[in-house]
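J.: Handing you this structure, nothing more for now.
The values are calculated or read from the model by the stated rules, or taken from the named source; none is laboratory data. Because the structure is a prediction, the values reported are computed rather than measured. With ideal geometry, Cβ positions are generated from the backbone for all residues, glycine too; neighbour counts draw on all protein chains shown. Accessible surface areas use protein heavy atoms only, side chains included; no ligands, DNA or RNA. Shrake-Rupley method; radii C 1.70, N 1.55, O 1.52, S 1.80 Å.
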Amino acid sequence: MLLVAIGLFLPPHYKLPTQESEEQSSNVAVPVPGMFHCWILAFAIYYLIGAQQLVTNPSNLNIINPAAAALAGNGLIALASFAKRVGGLSSALALITAMLLIISGIGYRQLNISCYSPWAKDGYELGIALQQITQPSDLLVTIANRGGGDPVAIYYSRRRGWVFPPAIYWGLPPSSPQESMRKNSIYWKYPITDDTLIAILEDLITKGADWMGIVKYENNQIAKDNPKLVAYIQKKLELYQETPKWVIYRIPPKIKTTKPSN
């Protein structure tokens, strides 16, 4: 964040193309002053529009990463230039090395916490399995680890479809500290019953869903909290593949034309 702040307020040192260089090569980079500053401004506007969704699913903040990386790079160059003027080339190299090691260490730690956690492995393997057995045009419904919109399985399946339940049903965490500390808790905009979840699934089926992949129930809070939904899935859908970690159902064509139950 410090490097981004420095890069935000210090102008980058562009090497402007000369007429001679333009004549020699057609691959001359043309500077766009303020492009990443405009990117940051656009993100601020986006945040004002979608703040609740950003709080619910912080992964959407990744939209700012390219601009932040560019500004951080500019800040690093500015600090290295200052160090070179004060202490020479060796000081600049030492500073750059130290900053890169710090950034790499923090980044690696965050990736281990949020992206490479053991609980994500089952969803990853489910996504790979779905990729192998489905066609590119197939639509999927997935309930990955913890449920509540985890996109790991559908991402690695390289298919289109829906996380279950879709994001329009997500809400903010409860205000109770005790409830907020509960592991794997699912937060809704309003209370959702088994019947509502079944109706949501039936709606996705009528929209063309072909397959449903679910991380095994003991690792899935939605399944734990909604046994009637699980019973519906096991009764209506065709079991296609099952492992100790996940299960895949094929959605029969006959129920795609069935009107959702009221």
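J.: For Q221, which of the numbered conditions (1) at pLDDT 65 or above; (2) polar (S, T, N, Q); (3) open to solvent by 30 Å² or more (accessible area, probe 1.4 Å); (4) farther than 15 Å from L126 by Cα fails to hold?
T.: Unmet condition: (3).
J.: Let me ask you something else. Being basic (K, R) and over 21 Å from P252 (Cβ atoms) is the filter; apply it to segment 134-170 and report the residue that is modelled with the highest pLDDT. Spell out how you get there, then give the answer.
T.: The initial filter retains those residues of segment 134-170 that are basic (K, R), namely 146, 158-160.
Still in the running and over 21 Å from P252 (Cβ atoms): 146, 158.
Details: R146: 61, R158: 94.
If we take residues in segment 134-170 being basic (K, R) and over 21 Å from P252 (Cβ atoms), then R158 is modelled with the highest pLDDT.
J.: Looking for whichever is modelled with pLDDT under 80 and farther than 26 Å from G149 by Cβ here; the options are V28, V55. Which one fits? Can you show your working first?
T.: On the way: V55 fails: farther than 26 Å from G149 by Cβ.
On inspection, the qualifying residue turns out to be V28.
J.: May I pose another question? What number of residues in segment 200-240 are free of Cβ contacts under 8 Å to residues at least 60 places away in the same chain and not in a helix (DSSP H, G or I)?
T.: So the answer is 4.
J.: Also: For segment 101-133, which positions are at pLDDT 85 or above and either open to solvent by less than 90 Å² (accessible area, probe 1.4 Å) or in contact with a Pro (Cβ under 8 Å, 6 or more places away or on another chain) (or both)?
T.: Residues satisfying the conditions are D122, G123, E125, L126, G127, I128, A129, L130, Q131, I133.
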